[in-house]
Amino acid sequence: MNITLIGYGKMGKTIEQIALRRGHDVSYKIDQSNHDLLHQLNGSKTDVAIEFTQPEQAFDNLKYCLENGIPVVCGTTGWLEKRKEIEAICLHNKSAFFYASNYSVGVNIFFHLNKWLAQVMNGYPEYSIMTEEIHHTEKKDAPSGTSITLAEGILEYYPGITTWVNEAKSKSTELPIVSKRIANVPGTHTIAYESSIDTIEIKHTAHSREGFALGAVLAAEFIKDKTGVFGMDDLLQIKS
């Protein structure tokens, strides 16, 4: 399979290593220095594009790919206010779009564990909920897309909590997400339920970028020759 990498930072380079290891070719590597190359892409030398860039660039990158017959896997977070528009463009052009806030298999299992725990804890109002995410200092958006997905999973089972907020909450209807940026931390996410008696905590700690990169390559393999909008539940066949 021919893969185009849109975004060639640390994640892009790790994805390249894993793609080559799995027998794929990397036909193009696009970053800030040669971004004009994007507009030369078509389906002849690219089976799937994998896009890991910045929030302000993601929409235009995805739109171009989907309108030009290039299925695309996206791992950029912080742009999701336009996600419905991208999904509509994908369906209109009979292309394929795969999005995940986190491509780690372990994190996606963690998403389902988080929902199960929220469903149980909803019956115990004496516990307050806090979430925390820690990432490397190069990550631009806060909170992380992963922590937003976790927060949405909690809100699904807590009708009294209507929204999440970054940092400290000011209302009982808000779920706080604490964001920290520390050098060389691939990603740590914690959900804590705390009462005056005890604390219940679940945590996922990534040890390297390889888990995220492998998931992105698996997603590219999954959507080749498919049409539609997909996510990690489709790839992993995880059922709630």
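The values are calculated or read from the model by the stated rules, or taken from the named source; none is laboratory data. Bear in mind that the values here come from a model prediction, so they are computed numbers and not experimental data. Note that we place each Cβ from the backbone using ideal geometry, even for glycine, and neighbour counts take in every protein chain shown.
Looking at the range 60-83 only, could you name the residues that are in a helix (DSSP H, G or I) and either of a type in the set (Gly, Ala, Ser) or closer than 25 Å to residue 225 by Cβ (or both)?
61, 62, 63, 64, 65, 66, 67, 83, listed by residue number.
Inspect all residues belonging to the range 99-108 and state whether any of them is modelled with pLDDT under 95, assigned to a helix (DSSP H, G or I), farther than 22 Å from residue 179 by Cα and touching a helix residue (DSSP H, G or I) at 6+ places or on another chain (Cβ under 8 Å).
Checking the range 99-108: at least one residue is modelled with pLDDT under 95, assigned to a helix (DSSP H, G or I), farther than 22 Å from residue 179 by Cα and touching a helix residue (DSSP H, G or I) at 6+ places or on another chain (Cβ under 8 Å).
I need the strands (runs of 3 or more DSSP E) fully contained in the range 135-240, keeping only those with at least 1 residues that are under 14 Å from the mean Cα position of the chain (by Cα).
Details: elements: 163-166, 174-181, 188-194, 199-205, 228-230.
So the answer is 188-194, 228-230.
Kindly indicate whether any position in the range 28-43 is within 28 Å of residue 184 (Cβ to Cβ) and in contact (Cβ under 8 Å) with a residue 60 or more places away in the chain.
no
Within the range 139-171, can you find the residues that are without any contact (Cβ under 8 Å) to a residue 40 or more places away in the chain and either among the acidic types (Asp, Glu) or closer than 15 Å to residue 185 by Cβ (or both)?
Listed by number, the residues that qualify are 142, 143, 152, 167.
Out of 63, 82, 94, I need the residue that is more than 30 Å from residue 193 (Cα to Cα), under 17 Å from the mean Cα position of the chain (by Cα) and either surrounded by 18 or more Cβ atoms within 10 Å (Cβ to Cβ) or charged (D, E, K, R) (or both). Which one?
Exactly one of 63, 82, 94 is more than 30 Å from residue 193 (Cα to Cα), under 17 Å from the mean Cα position of the chain (by Cα) and either surrounded by 18 or more Cβ atoms within 10 Å (Cβ to Cβ) or charged (D, E, K, R) (or both), namely 82.
When you look at residue 229, is it touching a helix residue (DSSP H, G or I) at 6+ places or on another chain (Cβ under 9 Å) and not charged (D, E, K, R), yes or no?
Yes.
Out of all the residues in the range 97-114, which are buried (at least 17 other Cβ atoms within 10 Å of the Cβ) and not hydrophobic (A, V, I, L, M, F, W, C)?
Residues satisfying the conditions are 99, 101, 102, 103, 104, 108, 114.
Okay, residues lined up against (1) surrounded by 14 or more Cβ atoms within 10 Å (Cβ to Cβ); (2) of a type outside the set (Gly, Ala, Ser); (3) not assigned by TED's automatic domain parsing to the domain that holds residue 10:
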{"site": "41", "(1), (2), (3)": "yes, yes, no"}
{"site": "45", "(1), (2), (3)": "no, yes, no"}
{"site": "54", "(1), (2), (3)": "yes, yes, no"}
{"site": "58", "(1), (2), (3)": "yes, no, no"}
{"site": "73", "(1), (2), (3)": "yes, yes, no"}
{"site": "76", "(1), (2), (3)": "yes, yes, no"}
{"site": "87", "(1), (2), (3)": "yes, yes, no"}
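Counting just the residues of the range 35-56 that are modelled with pLDDT of 95 or more and not in a loop (DSSP other than H, G, I, E, B), which one comes out farthest from residue 141 (Cα to Cα)?
48
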